[in-house]
1. Given a Förster radius of 41 Å and the C-beta distance between GLN227 and ALA267 as r, what FRET efficiency does 1/(1 + (r/R0)^6) yield to the nearest 0.05?
2. How high is the FRET efficiency from ASP337 to ALA239, r the C-beta distance, R0 51 Å, rounded to 0.05?
3. Can you compute 3J(HN,Hα) from phi for each residue in the range 185-198, using the Karplus curve 6.51 cos²θ - 1.76 cosθ + 1.60 with θ = phi - 60°, rounded to whole Hz and x for Gly and Pro?
4. Projected onto the charge dipole of the chain (+1 at Lys/Arg Cβ, -1 at Asp/Glu Cβ, origin at the Cα centre), which of ALA313, GLY204, SER264 gives the Cα projection farthest towards the positive end?
5. Taking H as built 1.01 Å from N, whose amide H comes closer than 5 Å to the amide H of ARG366, not counting residues under 5 places away?
6. Per residue, how big is the convex hull around the C-alpha atoms of the range 44-142? Give it to me in cubic angstrom, could you?
7. Show the residues, 5+ positions off or on another chain, whose built amide H is closer than 5 Å to the amide H of ILE205.
8. Test of the criteria: in the range 60-133, which GluC sites (Glu not before Pro) are in a DSSP loop and have at most 11 other Cβ atoms within 10 angstrom of their Cβ?
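Every read-out reported here was derived from the displayed coordinates using simple, explicitly stated rules and does not represent laboratory data. These numbers come from a predicted model, not from an experiment. Backbone-built Cβ (ideal geometry, glycine too); neighbour counts: all protein chains shown.
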Amino acid sequence: MIYLDNGATSFRKPPEVKAAVRRAMDTCANPGRGGYGAAMEAANTVFRCRERAGELFGCDPEQVVFTSNCTHGLNIAIRSLVKPGSRVVISGFEHNAVTRPLYALDAKVKIAGRRLFDPEDTLEAFEKALKQGADAAVFTHVSNVFGYILPVEEMGELCRRAGIPFIIDAAQSAGSLPVNLSSSGAAFIAMPGHKGLLGPQGTGILLCAGEAQPLLYGGTGNASISQRMPEDLPERLEAGTLNVPGIAGLEAGLKYLQRCAPGSIAAREQTQAKRCTEGLRKLGMDVYWGDHQAGTVSFRCGLDCEEAAQRLAKQGIAVRAGIHCAPTAHESAGTLDTGTIRISYGHDAGPEQTARILRAVEKLPRWKR
Ligand code: PLP
């Protein structure tokens, strides 16, 4: 199979990730629940991952909170900053993991910046929206549908100048683009462990600089007598038993990334995405490509997107089709009625994958305007 659905999850994890999961299952009990060897091994495993994530993402280990996915982290962050009726500015490219929690809180949401691959438009609209009054802002680093890399540093700077706390959704960037909690000035940065960080499904990280409110209440292994959640991080946000094998695998994924030359994964993904775009255009497909694009490409052909993806699957190509949980992004790009077929490269991006998908797409009907 040619796997090009890394935007959903990375699938070909490095062998050391699998080995670490297996080792943890053999050696780890429950962290923070006892002083015997297997409990201590679990606690050390979890702490190693916190330390490594802190090194990679510019924060202290205590600011690294383990979650079960990026959605979980975004929910904690949003619940911490947004109250019912709060005014929240978001970008025009958000995932449902951002918009649904805001909707559930009855927040007054303002969407700013709808033009694809146009950071100037994004910044202008964002600044204008902030000036109209906002209690918080939430924005994605990279659009999961189109691969558009938003100017998050400048967006963060605008928020800081206006004194507005903000959350970055790094679901599609962590592991390939630089993400740093302290230099970003973000209150929270949420990321999955299972996509670019190459950990197992069921893992995620929330980096916390802001005052955080628990989403779940329950056992933390310490301060057992108190009926309140501990004040300190990370325990405040980590109720219940952690996914220790997952965190062990995640730590191995982070270690793998630390060994790669900075920027090399993004460069590999972007090179193939660009080549793929050129090939798709030659085949008469309707392709979304621009400057400031990561290793994700959306396109349409002369077939319903779901059917096209099915046909590609029969040829051994794994891609995703449809709305990709991001109706806001499709509204911005004008593709809400059809959806798109999404090709998302991962750490193993290479020319063979591009050649294979182009050969398979050649057999699909062309897009007619
Ligand atoms: N945000 C973006 C931009 C995403 O692409 C995704 C998943 O695809 C999420 C949030 C949610 O991530 P998870 O599936 O880890 O909850």
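1. Numbers: r = 52 Å, r/R0 = 1.26.
Step by step, r from the Cβ atoms, then E = 0.20.
2. Details: r = 42 Å, r/R0 = 0.82.
Taking R0 as 51 Å, the efficiency between ASP337 and ALA239 is 0.75.
3. With coefficients 6.51, -1.76 and 1.60, one gets x, 5, 6, 8, 10, 9, 8, x, x, 9, 9, x, 7, 6 Hz.
4. Projecting each Cα onto the dipole axis, the largest value belongs to ALA313.
5. Those lying under 5 Å, H to H, from ARG366 are GLY302.
6. On the way: hull volume 11.6 nm³, N = 99.
Hull volume over Cα atoms, normalised by residue count, gives 117 Å³.
7. THR67, MET191, GLY193
8. Details: sites: GLU62, GLU94, GLU120, GLU124, GLU127; in loops: GLU94.
Nothing satisfies the criteria.
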